[in-house]
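Everything below concerns the one structure shown next.
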Amino acid sequence: MRNLVLIAALSAALPLAGLPLAAQDQPQATPPKQAPAPTLEKPGTAAPEPEAKPEKSAKPVAAAPKVSNSDPDSGKTVEEIIARVNNEIITRSEYDKARQTAQEDAKSECQNRCTAEQLQADIDDREKHALRDLVDQSLLVQRAKDMGVSVEADVIKRLDAIRIENKLPTMEAFEDAVKSQGLNWEDFKNNIRNTLLTQRVISSEVGSHITISDDEVSKYYEAHKADFVRPEQVALREIVVSTEGKKPEELPDLKKKAETALKRVQDGEDFGEIAKRLSDGSTKSQGGFLGIYKRGELSKELEERVFKMKRNELTEVMETRQGYLILQVLEHYDEGEQALPKVKNEIMDKLYTTRMEPALRDYLKTLREQSYVVIKPGFQDIAGGGGSEIQEVSATPEVTKQKKAHKKFLLFGKKPASGT
């Protein structure tokens with residue numbers, strides 16, 4: 001069976017160094033900073049939406065007791081524990097998976113654009129951060145649980161979005177596809193859950209405290225005007241009503257659905273909200289945002305159509321191979337130096353990201369200081385910590401119930417493969 005879009009990324013360790021998502025705290029109708037233009041069929045994934053006010057910091061959690069394998073001849077697989085984060089563990093297999101993912105990511109981003117020496121240097125740098133990122137993710141997921149954050153509804157939505165993107169008819173078919181690639185279905189879902197929990201905490205407890213003033217934006221614009229000299233471009237949003245796998249007699253109703261969506265936008269409803277509710281496209285969770293395109297990056301037919309349109313203009317309902325399509329020109333950038341209003345939110349995004357990275361590291365440092373983190377000697381965690389030898393324990397799931405601050409912890413059960 002063909003590979004599923006995003007499965008590799010979702011089953012990999014979460015690269016916290018790249019987590020700041022400035023678009024999450026910017027106005028929804030504004031496109032994020034420019035990235036390589038996605039195809040109309042395979043747009044990028046959405047940034048998480050901003051969360052509510054942050055909660056108070058978590059209190060330190062007492063360390064879990066050490067457990068040794070009392071039956072070395074039992075034939076059970078033994079997992080090497082290389083780190084403890086409060087009552088959670090990080091295993092050698094998780095760490096190896098994170099390092100493998102680091103290598104794959106480096107090779108994917110290089111793709112013959114760098115020398116062998118440059119590629120190896122990038123791999124070495126990513127591997128150096130692997131254990132730190134696993135510890136950081138564990139801290140953030142535990143913090144989310146302490147805050148009472150629940151993302152179960154969002155997990156279901158994310159799974160369904162991936163299912164639709166991969167053109168799988170049912171969730172059962174999706175589960176079979178995941179298993180066919182050697183992945184555990186529950187682990188796969190948990191990876192998505194941990195990603196969402198992590199993003200919620202970062203948005204609430206870090207991102208919500210970062211503000212960018214108009215004066216700062218103006219000063220940045222004046223100092224970097226040369227960066228805003230650009231070719232003509234359009235930022236696009238879409239609403240797609242899929243006709244794939246549908247019977248001919250179903251098409252009139254589907255076209256009517258698309259026409260209804262268009263009419264609601266024309267009558268004043270927000271395009272992004274209608275896209276979230278009615279679109280079948282994989283961009284629905286991000287309000288239909290497709291990307292920013294230069295001339296030559298779209299089909300000739302679409303290019304001739306959208307480059308004649310102005311900001312916020314809509315196409316009629318268009319029939320495509322995927323279904324009925326409505327496009328909105330979110331912004332039309334003229335060739336040459338861009339005016340400040342057209343790049344204001346791009347600048348805010350850049351300034352936000354610049355501040356988010358050190359703020360996130362400071363927050364994670366605070367979480368570490370409030371937590372019990374021990375790294376096994378011989379393993380490198382560049383954020384600090386470590387020193388005590390950790391005994392190996394059986395990987396067979398064993399849930400130990402312990403009352404600690406009225407909470408239950410999985411002390412020595414085998415954790416899922418390194419998450420999202």
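Only one of Gly182, Gly207 is free of Cβ contacts under 8 Å to residues at least 24 places away in the same chain and among the small types (Gly, Ala, Ser); which? Spell out the reasoning first.
Numbers: Gly207 fails: free of Cβ contacts under 8 Å to residues at least 24 places away in the same chain.
Among Gly182, Gly207, only Gly182 is free of Cβ contacts under 8 Å to residues at least 24 places away in the same chain and among the small types (Gly, Ala, Ser).
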For segment 264-307, what are the residues that are in a helix (DSSP H, G or I), touching a residue at least 24 places away in the same chain (Cβ under 8 Å) and among the basic types (Lys, Arg)?
-> Lys284
Quick one: in segment 225-234, of everything that is closer than 16 Å to Ile347 by Cα and in contact (Cβ under 8 Å) with a residue 24 or more places away in the chain, which residue is least open to solvent (accessible area, probe 1.4 Å)?
-> Phe228
Per the list (1) open to solvent by 70 Å² or more (accessible area, probe 1.4 Å); (2) of a type in the set (Gly, Ala, Ser); (3) touching a strand residue (DSSP E or B) at 6+ places or on another chain (Cβ under 9 Å), residue check on Ser242 breaks on (1)
When the residues of segment 321-341 are filtered to those that are surrounded by fewer than 18 Cβ atoms within 10 Å (Cβ to Cβ) and in contact with a strand residue (DSSP E or B) (Cβ under 8 Å, 6 or more places away or on another chain), which remaining residue is nearest to Pro252 (Cα to Cα)?
-> Gln322
Of the numbered conditions (1) open to solvent by less than 10 Å² (accessible area, probe 1.4 Å); (2) farther than 30 Å from Gln370 by Cβ; (3) not hydrophobic (A, V, I, L, M, F, W, C), Asp136 satisfies every one except a single condition; which is it?
-> (2)
Considering each residue of segment 341-373, count those that are over 19 Å from Glu331 (Cβ atoms) and aromatic (Phe, Trp, Tyr), and give that number.
-> 2
Name the residues in segment 267-280 that are open to solvent by 10 Å² or more (accessible area, probe 1.4 Å) and more than 16 Å from Ile156 (Cα to Cα), would you?
-> Asp267, Gly268, Glu269, Asp270, Glu273, Leu278
Give just the number: which of (1) farther than 30 Å from Phe379 by Cα; (2) at pLDDT 90 or above; (3) in contact with an Asp or Glu (Cβ under 7 Å, 6 or more places away or on another chain) does Ile164 not satisfy?
-> (2)
Please state which one of Asn86, Asn112 is in contact with a strand residue (DSSP E or B) (Cβ under 9 Å, 6 or more places away or on another chain) and polar (S, T, N, Q).
-> Asn86
All-but-one check, Leu183 against (1) at pLDDT 95 or above; (2) more than 28 Å from Glu335 (Cβ to Cβ), failing number (1)
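Condition test on Asp122, is it at pLDDT 90 or above, open to solvent by 40 Å² or more (accessible area, probe 1.4 Å), over 19 Å from the mean Cα position of the chain (by Cα) and not polar (S, T, N, Q)?
Working: at pLDDT 90 or above: yes; open to solvent by 40 Å² or more (accessible area, probe 1.4 Å): yes; over 19 Å from the mean Cα position of the chain (by Cα): yes; not polar (S, T, N, Q): yes.
Spelling it out, Asp122 is indeed at pLDDT 90 or above, open to solvent by 40 Å² or more (accessible area, probe 1.4 Å), over 19 Å from the mean Cα position of the chain (by Cα) and not polar (S, T, N, Q).
Without any contact (Cβ under 8 Å) to a residue 24 or more places away in the chain and either hydroxyl-bearing (Ser, Thr, Tyr) or assigned to a loop (DSSP other than H, G, I, E, B) (or both): is that true of Ser138 in this structure?
Values: without any contact (Cβ under 8 Å) to a residue 24 or more places away in the chain: no; either hydroxyl-bearing (Ser, Thr, Tyr) or assigned to a loop (DSSP other than H, G, I, E, B) (or both): yes.
Spelling it out, it is not the case that Ser138 is without any contact (Cβ under 8 Å) to a residue 24 or more places away in the chain and either hydroxyl-bearing (Ser, Thr, Tyr) or assigned to a loop (DSSP other than H, G, I, E, B) (or both).
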Restricting attention to segment 281-298, the residues that are closer than 22 Å to Asp334 by Cβ and open to solvent by 10 Å² or more (accessible area, probe 1.4 Å) number exactly 7
Kindly indicate whether Asp154 is touching a helix residue (DSSP H, G or I) at 6+ places or on another chain (Cβ under 7 Å), more than 26 Å from Asp96 (Cα to Cα) and open to solvent by less than 60 Å² (accessible area, probe 1.4 Å).
-> yes
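The values are calculated or read from the model by the stated rules, or taken from the named source; none is laboratory data. Just so it is clear, the model here is predicted, and its values are computed rather than measured. Here the Cβ is made from the backbone with ideal geometry for all residues, glycine too, and neighbour counts use every protein chain on show. Just so you know, the surface numbers come from the protein's heavy atoms only, side chains and all, with ligands and any DNA or RNA stripped out. Shrake-Rupley method; radii C 1.70, N 1.55, O 1.52, S 1.80 Å.
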